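Notes to accompany the following structure.
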Amino acid sequence: MTVLITGGAGYIGSHMVLDLVARGETPIVLDDLSTGFGWLLPDGVPLVIGDMADTALVQRLIAAHNIDAIAHFAAKIVVPDSVSDPLGYYESNTSKARTLIDTAIKSGIKRFIFSSTAAVYGEPDEMPVSETTRPMPVSPYGRSKLMVEWMLEDARHAHGLETMVLRYFNVAGADPMARSGQATPRATHLIKVACEAATGKRDAMSVFGTDYATRDGTCIRDYIHVSDLAAAHTLALDHLRAGKPGMTLNCAYGHGASVLEVIAAVKRVSGVDFPVHYAPRRAGDPPEIVAKGDQIKTALGWAPRFDDLDVIVQHALAFEAKLATRA
Ligand code: UFG
């Protein structure tokens, strides 16, 4: 049995690859390398460069490698870009996912793991959010992912495709051994940006909005270490392989940090007091998104190993140092 990982050369997918390899599995990676990098993959893991919507290619891979499950990571992920290019996002994240799901079903696949996002909740009426909080996405990105959730639900009823939908909160950090991490240029995510400031890759950084109704006026997010998130995928795979029904689960620790708390952590861990500017609010930022975070533990027996902001930052900084040696 082999897992096909779309987007496996990307930030999160490559960490699932590492997790699977650590327990003796060799997944097959399908990635168009639009934002991924082959060097993030461990030796011996086959990388097929191609498109997840290339039906003939995916059918060939499923047949040739005895694929029993698909973990689908390949997607566009930048929320503001989805606002300026909604149709591009619906094409990559929704239309191509539809084709992949169709190919999977026609090829006899019964297990599917889908990378969804906290962005499906939009600006929710309750906080913390649980899996039953009503999704009300406010960006094309969130909508592009929610539509796939709906397709998968329908495909499950019609065709028996069992799916684990994993809704990621704010993913950060890097592999503790720095084998993989966030390598995509022009990053916009807070911890990556702050680590770039701390390592001199940028001169300064900005805090977007200091007048929110939060404990220090800046936005609060539930940051989850990418390796803990990867482990959730491996457990989700085990869950499906054990013949259990698919589920939708929030992937988060259940507590939040503010922008200023994150910046303080990066300064503390790096020992660098980089310049920080206070800027106006960024369009579309909800003041706070924190998950309840308990259901995934109960459902999958997930036990996070890196639920500590300083550790997340430490690993992110170590990966920035590795990236600097490759530049
Ligand atoms: N921020 C700054 N300065 C920066 C970068 C970010 O102040 O240079 C702030 C943002 O304004 C926001 C917080 O840091 O308040 C977190 O921003 P990120 O860009 O790191 O992450 P988001 O919360 O905007 O987005 C994340 C994921 C999305 C997902 C969304 C769901 O990256 O994929 O959570 O809420 F859709």
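The values are calculated or read from the model by the stated rules, or taken from the named source; none is laboratory data. On a predicted model such as this, the values are computed, not experimentally measured, just so you know. So basically every Cβ, Gly included, is an ideal-geometry build from the backbone, and we count neighbours across all protein chains shown. These accessible areas exclude ligands, DNA and RNA; they are computed on the full protein's heavy atoms, side chains included. Shrake-Rupley method; radii C 1.70, N 1.55, O 1.52, S 1.80 Å.
The residues of region 272-298 that are closer than 15 Å to LEU229 by Cβ and hydrophobic (A, V, I, L, M, F, W, C), listed by number, are ALA291, ILE296.
Going by the structure shown, is VAL262 open to solvent by less than 30 Å² (accessible area, probe 1.4 Å) and within 11 Å of the ligand (Cβ to nearest atom)?
On the way: open to solvent by less than 30 Å² (accessible area, probe 1.4 Å): yes; within 11 Å of the ligand (Cβ to nearest atom): yes.
In short, yes.
List the helices (runs of 4 or more DSSP H) that sit entirely inside region 131-242 and contain at least 2 residues that are crowded, with 16+ Cβ neighbours inside 10 Å and more than 12 Å from the ligand (Cβ to nearest atom).
On the way: elements: 140-159, 190-198, 226-241.
Helices (runs of 4 or more DSSP H) meeting the threshold: 140-159, 226-241.
When region 285-314 is examined, which residues are found to be open to solvent by 70 Å² or more (accessible area, probe 1.4 Å), within 16 Å of the ligand (Cβ to nearest atom) and of a type in the set (A, V, I, L, M)? Result: no residue meets the conditions.
If the condition is being out of contact with any helix residue (DSSP H, G or I) (no Cβ under 6 Å at 6 or more places or on another chain), part of a loop (DSSP other than H, G, I, E, B), surrounded by 18 or more Cβ atoms within 10 Å (Cβ to Cβ) and modelled with pLDDT of 95 or more, then region 60-109 contributes ALA74, ILE109.
Among the residues of region 154-178, which ones are within 24 Å of GLU123 (Cβ to Cβ) and touching a Ser or Thr at 6+ places or on another chain (Cβ under 8 Å)? Working first, answer last.
Step one: filter region 154-178 for residues within 24 Å of GLU123 (Cβ to Cβ), giving 165-172.
Matches in region 154-178: VAL165, LEU166, ARG167, TYR168.
Kindly check whether there is at least one residue in region 140-156 that is assigned by TED's automatic domain parsing to the domain that holds ALA63, in contact with a strand residue (DSSP E or B) (Cβ under 6 Å, 6 or more places away or on another chain) and hydroxyl-bearing (Ser, Thr, Tyr). Looking for residues that are assigned by TED's automatic domain parsing to the domain that holds ALA63, in contact with a strand residue (DSSP E or B) (Cβ under 6 Å, 6 or more places away or on another chain) and hydroxyl-bearing (Ser, Thr, Tyr), one finds none in region 140-156, hence no. Taking region 1-40 as the range and being open to solvent by 20 Å² or more (accessible area, probe 1.4 Å), more than 20 Å from ALA63 (Cβ to Cβ) and not in a helix (DSSP H, G or I) as the test, the residues that pass are ARG23, GLY24, ASP32, LEU33, SER34, THR35, PHE37.
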